[in-house]
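**Student:** First, the structure itself, so that you have it in front of you.
The values are calculated or read from the model by the stated rules, or taken from the named source; none is laboratory data. Since we're looking at a predicted model, the values are computed, not measured. Cβ atoms come from the backbone with ideal geometry, glycine included; neighbour counts cover every protein chain shown. Just the protein is used for accessible areas: all its heavy atoms, side chains included, with ligands, DNA and RNA removed. Shrake-Rupley method; radii C 1.70, N 1.55, O 1.52, S 1.80 Å.
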Amino acid sequence: MTYRISRRNLVKGAAAAGLAMPFINLRTAAAQDGPITIGIVTPLSGPVQLIGNFVRQGAEIGVAHINANGGINGRQLALEFRDSKANPNDASVAARELIGSGVNLQLGTISSAVALAMGPLLESEGGVVLTSGAGTEKLNHENYNAHVFRVGDSPVSRNAGLVRHIVQSRPEIRKWGGIIPDHEYGRTTWKIFDAAMRKIVPELTGEEAQIADPILVPYGSGDYRNYITQAMRLDVEGIYTSVYGGDAVTLYQQAKPFGLFDKIDVLLDSANEFLVATAMKDQTPAHWSGFHWYYEANKGNPLSDELYAQYVERTGNKYPMGWAAEAHAGIMAYAGAIAKAGSTETGDVIAALKGLEFDSATGKRRIRAEDNQAVKNAELAFIEPSASAPDGFAVTDYVSLDGEKVIEPATPGQPLDTTIL
Amino acid sequence: MIDYRRRMRANLAIAVIGLVLFAVFPLVANSGLVFLAGLVAVNIVFGLSWNLLFSGVGLLSFGHAMFFAGGAYAMAVVSLRLPDLPFAGGLLLGAMTGGIIALVFGYIALRRASGVYFAVLTLAFSELVHIVITKTTFLGRNDGLVGIPRPVINLGVASIDLTSALAYYYFIIVAMAVVAFALWSFQNSPAGRLIQAIRQDPVRTAFLGTDVRSWQLTAFVLSGTIAAFCGAVMVPFAQIASPEIAYWTVSTEPILFTLLGGAGHFWGPAVGAILFGAIDYATRALYGLSEITVGMLLLGVVLLMPGGLLGFLLSRRTAARRLTGSGKRVPMANAEKAT
C-alpha cells in the first residue's frame, strides 16, 4: 500500500501537532543538564530602581560565586531579570510570565504589598519566591504562605532589636515620637516599635515610656514640611522613622532647616542604611540606622568580604546597601536548597528550603520550617557627620545582635502577638 | 446609501475572527504569554470604551482609570467578602460601580466644563478616586486586595469551573468579544449616530431638539460602565487589585492604544492595545526600555500616520485599489471614518 501525503492529511497532522503543543514541554526535557535559571522580579525602573539595582548586583555576584565554585550538582546558575516597577500588578504579570516560560524559582521582591500578593499567585501557578527586603510581619504571620520565604530579617528582629539596643545604651530617653510612611511596611514597623518600647523601657528602667501618636506621611510625596511642622510641636526626646528610599532623603533634607534634628537627642531610622548619608554628606543628622548587612560588622567572613570587594569593583560605590546582601543570600539559599533536594521542582525546593541552614554575607542563617522566616543577626550602625571623613560622614559605632535572641516565636497563620516582644 | 446589514456582518466577522485568534493562542504559547494575552483582551475593550467618548461624543477623558479601578475594586471586595454572591452579581456590581462614578462625576463635570477643562476635571476626579482607595482600610489602602479567587459558575444543572487561569482566559475573551461587538452595535445605532452628531456640531444638534448634555452624560456613563466591567473581569484573572490601577498612568493607556491604532476607526484602540502588549512583551527584559519604545513609536505614529496604524493601512489599501482601477468599496465597512 502506498502512502500519499494529501492536503487533508497534512492539515489534520498540523492541527494535531498544534493541539499537542501545550502538552509537550520541550524545556523540561532539555533542561535537566542545562543551567538552572532563577527569575529576579525587582524594580529596575522608576523611583525604587535604586533598591532594585542593589538586588541585581547582589544576585549577580552570588551567581558568579556559585558558578566559580562548580555550580550546583554540576549545573550552572543563570539569572533572568524582569522589572516589577515596584507595582504588584506589573510584578504579578512578570512572575506569571516567568513561570510560564519554566522559571519557577524567583527572588527580588522588596515591597511588602508585592510580597503579600505573591503568595496566592505562586501557589496557584506553582512557583517559589524568596523576598529579601519586604518588611511586613503578615508574611510570616496571618498571611503566611508556603510558597513565600523571607531570607532577610523579620521586622520584629530588626525593630525590636533596634529598640532594645537604644534603650540599653540611652536609658534616660523616655519620650518618643514617630514619622511613619502610611502603608503596610510603615504601620508594621510602628506597631513593633511602639509595643517594644512600652515593654522594654519599664523592664530596663522601671519607668513607663511616653509615646506620642505617630505622624503618618504619604508615600512618594515631594513635600513633607507640614508633617515636619507637626513633628516640631511634639514634646519628644527621640524620633523613630521608617520612611525610606528617596522619600527619606527628601524628609531629612526638608527637616534640617526646621532644626528638627537639633531638637531631639536620638534619631532612629529603621532601614535607610547609607541612603540618607550618601545624599546629605556632611549635612547628615547623626542617627542610628538598621542594616540588612553592614560589611564592617562582617569583616573576616569570606562571603561578605567577596561581596563588598566585587560590589565596589563593579560599581565604584564604596557604600553598598544591605539589599545587595539579601539578594546574595537568596541565591545562596536556592543553591543550598537545590543541592539538598537534587531537584528544581517547586515542591522539592520548598521542602528543602524549610529548615535549611546556609552561609551568607552576614554569617549563618537558618530558615524556620514553621513560618519560612530566616533567623539572622540584626545589625545597626551609628552614622554621624564628620569633617575629616572624605564623604562627609562616618560610622562611629555598630552592633550586631544575635538573631536567635531577637526573633519572635513562629506563629504562621496567626497575627503577630506584640505582647511577646 | 450605506448598507448597514453588510457593515454589521463585516464587523461581526472581525469580532469573531479576533475571538478565534485569541482562542487558538494558548495552543502555541506558554501560560505566561496567555496571561498577557488575557490582559490585552481586557485592554482592547478598555480602549474601545475610551474611544466611545473621544471619537463618539467628542469628550476627552483623562481619568478612565477611575472607572476601571472602581469595577476592579468592587469585584475584589465582593469576591473576598461576599463569597456566596454569584459571579455574575459581582460583575454586575462592578460595572454599576463604574456607571455610578461616571454619573456623579459626569453630572458635575459636564455642567461646568467642556474641552480641555473637562479633561482636567476627569483627571482630578480620577486622582480623588486613587487617593480614596489608598486611604481606605476596607480597600487595603496602599497595599491593595490580594488573593482574589476565580469563580465556579453554578448553572443549576451544570457548573463551569473558571478557577484555572486558562479557563478564565477563555471566559475573558468571549466576554470581551461580546462587549466589543455590543459597543459597535451601539455606536452604529440611531443613538450612536446621534452622539456622533453632537461631536460634530453640538449647537446644531441642540437646535434639532436634542438634549445635548443628557446624551453626553449617557455616553459618559456607558463608557464608564464598560471600563468598570473590564476592571471587574480582569481582577479574578490577576487575583489582585492594587491602587496602581487607579493611577493616572492607567488613564493614559486607552489614549495610547487609540492614538497608536487610530482614533477614527472603531477597531483602532484594539490594534493599539495589541501592539502595546507586543512591545511590552518584546521589551520585558530591557528594563525601562518599554516606555521609551512606546514613546518613540507614538511620536512616529502621530507625526507620520495621523490616522494611526489602522488609518494608515486602510488608506494605503484604498490608494492601491484606486491605482489598480478597482472601483470596489473597501469591504471593511467600518473603514469609513467615524470622524
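**Student:** Can you go through A:Ile200, A:Ile173, A:Ile180 and tell me which one is open to solvent by less than 40 Å² (accessible area, probe 1.4 Å) and assigned to a helix (DSSP H, G or I)?
**Tutor:** After ruling out the rest, the residue left standing is A:Ile200.
Each row is one residue, and each column tells you yes or no for (1) in contact (Cβ under 8 Å) with a residue 40 or more places away in the chain; (2) crowded, with 22+ Cβ neighbours inside 10 Å.
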position: A:Pro320; (1), (2): yes, yes
position: A:Ala333; (1), (2): yes, yes
position: A:Gly336; (1), (2): no, no
position: A:Ala341; (1), (2): no, no
position: A:Thr396; (1), (2): no, no
position: A:Val399; (1), (2): yes, no
position: A:Pro409; (1), (2): no, no
position: A:Gly413; (1), (2): yes, no
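**Student:** Residue check, A:Ala277 against (1) among the small types (Gly, Ala, Ser); (2) within 30 Å of A:Arg174 (Cβ to Cβ); (3) not in a helix (DSSP H, G or I), all met but one. Which one?
**Tutor:** Status for A:Ala277: all satisfied but (3).
**Student:** Now for a separate question. Of the numbered conditions (1) in contact (Cβ under 8 Å) with a residue 24 or more places away in the chain; (2) more than 10 Å from chain B (Cβ to nearest Cβ); (3) not hydrophobic (A, V, I, L, M, F, W, C), A:Glu80 fails exactly one; give the number of that condition.
**Tutor:** Evaluating A:Glu80 over (1) in contact (Cβ under 8 Å) with a residue 24 or more places away in the chain; (2) more than 10 Å from chain B (Cβ to nearest Cβ); (3) not hydrophobic (A, V, I, L, M, F, W, C) leaves (2) as the failure.
**Student:** From the residues in the stretch A:258-312 that are closer than 17 Å to A:His165 by Cβ and charged (D, E, K, R), which one is most open to solvent (accessible area, probe 1.4 Å)?
**Tutor:** A:Asp265
**Student:** Still on this structure, I have one more. In this structure, is B:Val78 in contact (Cβ under 8 Å) with a residue 24 or more places away in the chain, under 30 Å from A:Gly100 (Cβ atoms) and part of a helix (DSSP H, G or I)?
**Tutor:** No, not satisfied.
**Student:** Among what's in the stretch A:211-239 and is part of a loop (DSSP other than H, G, I, E, B) and either touching a residue at least 60 places away in the same chain (Cβ under 8 Å) or touching a His at 6+ places or on another chain (Cβ under 8 Å) (or both), pick the residue that is farthest from A:Gly178 (Cα to Cα).
**Tutor:** The residue in question is A:Gly220.
**Student:** If the requirement is being aromatic (Phe, Trp, Tyr), away from every other protein chain (no Cβ under 14 Å) and under 13 Å from the mean Cα position of the chain (by Cα), which of these qualifies: B:Phe62, B:Phe67?
**Tutor:** Of the residues listed, the single one that is aromatic (Phe, Trp, Tyr), away from every other protein chain (no Cβ under 14 Å) and under 13 Å from the mean Cα position of the chain (by Cα) is B:Phe67.
**Student:** Given the structure, is B:Gly311 surrounded by fewer than 18 Cβ atoms within 10 Å (Cβ to Cβ), modelled with pLDDT under 90 and either in contact with a His (Cβ under 8 Å, 6 or more places away or on another chain) or not β-branched (Val, Ile, Thr) (or both)?
**Tutor:** No: the conditions fail for B:Gly311.
**Student:** Counting only residues that are in a loop (DSSP other than H, G, I, E, B) and more than 22 Å from B:Tyr170 (Cβ to Cβ), which one in the stretch B:1-51 is nearest to the other protein chains (Cβ to nearest Cβ)?
**Tutor:** B:Asp3
**Student:** Within the stretch A:18-47, track down each residue that is among the β-branched types (Val, Ile, Thr), open to solvent by 20 Å² or more (accessible area, probe 1.4 Å) and either modelled with pLDDT of 50 or more or more than 31 Å from the chain's Cα centre (by Cα) (or both).
**Tutor:** Of everything in the stretch A:18-47, those that are among the β-branched types (Val, Ile, Thr), open to solvent by 20 Å² or more (accessible area, probe 1.4 Å) and either modelled with pLDDT of 50 or more or more than 31 Å from the chain's Cα centre (by Cα) (or both) turn out to be A:Ile24, A:Thr37.
**Student:** With more than 12 Å from B:Ala246 (Cβ to Cβ) and surrounded by 17 or more Cβ atoms within 10 Å (Cβ to Cβ) as the only criterion, which of B:Gly144, B:Gly106 stands out?
**Tutor:** B:Gly106
**Student:** Taking A:Tyr244 as meeting all but one of (1) more than 21 Å from the chain's Cα centre (by Cα); (2) within 14 Å of another protein chain (Cβ to nearest Cβ), write down the number of the exception.
**Tutor:** (1)
**Student:** Follow-up question, since we're still on this one. Determine which single condition B:Glu336 fails, assuming it passes every other condition in (1) modelled with pLDDT of 85 or more; (2) under 23 Å from the mean Cα position of the chain (by Cα).
**Tutor:** (1)
**Student:** Looking only at the stretch B:12-30, how many residues end up being open to solvent by 70 Å² or more (accessible area, probe 1.4 Å) and in contact (Cβ under 8 Å) with a residue 12 or more places away in the chain?
**Tutor:** Qualifying residue count, the stretch B:12-30: 2.
**Student:** Condition first: part of a helix (DSSP H, G or I) and open to solvent by 10 Å² or more (accessible area, probe 1.4 Å). Now tell me which residues in the stretch A:248-257 satisfy that.
**Tutor:** Of everything in the stretch A:248-257, those that are part of a helix (DSSP H, G or I) and open to solvent by 10 Å² or more (accessible area, probe 1.4 Å) turn out to be A:Val249, A:Thr250, A:Gln253, A:Gln254.
**Student:** Residues in the stretch A:203-237 that are of a type in the set (Ser, Thr, Tyr) and open to solvent by 80 Å² or more (accessible area, probe 1.4 Å): how many?
**Tutor:** Selection size over the stretch A:203-237: 1.
**Student:** Another question about this same structure. Failed condition for A:Leu50, given (1) of a type in the set (A, V, I, L, M); (2) open to solvent by 10 Å² or more (accessible area, probe 1.4 Å); (3) farther than 24 Å from A:Glu313 by Cβ, with all others met?
**Tutor:** Unmet condition: (3).
**Student:** Does any residue in the stretch A:45-69 that is within 12 Å of another protein chain (Cβ to nearest Cβ) and free of Cβ contacts under 8 Å to residues at least 60 places away in the same chain come within less than 7 Å, Cβ to Cβ, of a residue that is surrounded by fewer than 17 Cβ atoms within 10 Å (Cβ to Cβ) and of a type outside the set (Phe, Trp, Tyr) six or more places away or on a different chain, and which pairs are these?
**Tutor:** So the pair list comes out as A:Ser45/B:Gly288.
**Student:** Can you tell me how many residues within the stretch A:97-134 are more than 12 Å from chain B (Cβ to nearest Cβ) and either open to solvent by 10 Å² or more (accessible area, probe 1.4 Å) or among the aromatic types (Phe, Trp, Tyr) (or both)?
**Tutor:** Of the residues in that region, 2 qualify.
**Student:** Does A:Asn159 meet the test of being more than 14 Å from chain B (Cβ to nearest Cβ) and buried (at least 19 other Cβ atoms within 10 Å of the Cβ)?
**Tutor:** yes
**Student:** Also: Considering only the stretch B:225-250, how many residues are within 11 Å of another protein chain (Cβ to nearest Cβ), open to solvent by 10 Å² or more (accessible area, probe 1.4 Å) and closer than 14 Å to B:Ala175 by Cβ?
**Tutor:** 1
**Student:** Among the listed residues B:Gly98, B:Gly38, B:Gly58, B:Gly47, which satisfies the condition of being touching a residue at least 24 places away in the same chain (Cβ under 8 Å), among the small types (Gly, Ala, Ser) and surrounded by fewer than 24 Cβ atoms within 10 Å (Cβ to Cβ)?
**Tutor:** B:Gly58
**Student:** Would you point out which residue out of A:Gly186, A:Gly161, A:Gly119 is assigned by TED's automatic domain parsing to the domain that holds A:Ile350, at pLDDT below 90 and of a type outside the set (Phe, Trp, Tyr)?
**Tutor:** None of the others qualify; the one that does is A:Gly119.
**Student:** Next question, about the same structure. For the stretch A:57-91, enumerate the residues that are touching a strand residue (DSSP E or B) at 6+ places or on another chain (Cβ under 8 Å) and farther than 21 Å from B:Ala282 by Cα.
**Tutor:** Answer for the stretch A:57-91, where residues must be touching a strand residue (DSSP E or B) at 6+ places or on another chain (Cβ under 8 Å) and farther than 21 Å from B:Ala282 by Cα: A:Ala59, A:Glu60, A:Val63, A:Ile66, A:Asn67, A:Gly71, A:Ile72, A:Arg75, A:Gln76, A:Leu77.
**Student:** Do we have B:Thr134 as more than 23 Å from the chain's Cα centre (by Cα), surrounded by 12 or more Cβ atoms within 10 Å (Cβ to Cβ), within 14 Å of another protein chain (Cβ to nearest Cβ) and touching a residue at least 24 places away in the same chain (Cβ under 8 Å) here?
**Tutor:** yes
**Student:** Determine the pairs where a residue that is of a type in the set (S, T, N, Q), located within the stretch B:158-172, has a partner that is open to solvent by less than 70 Å² (accessible area, probe 1.4 Å) with Cβ atoms under 6 Å apart, the partner being 6 or more residues away or on another chain.
**Tutor:** B:Thr163/B:Arg150
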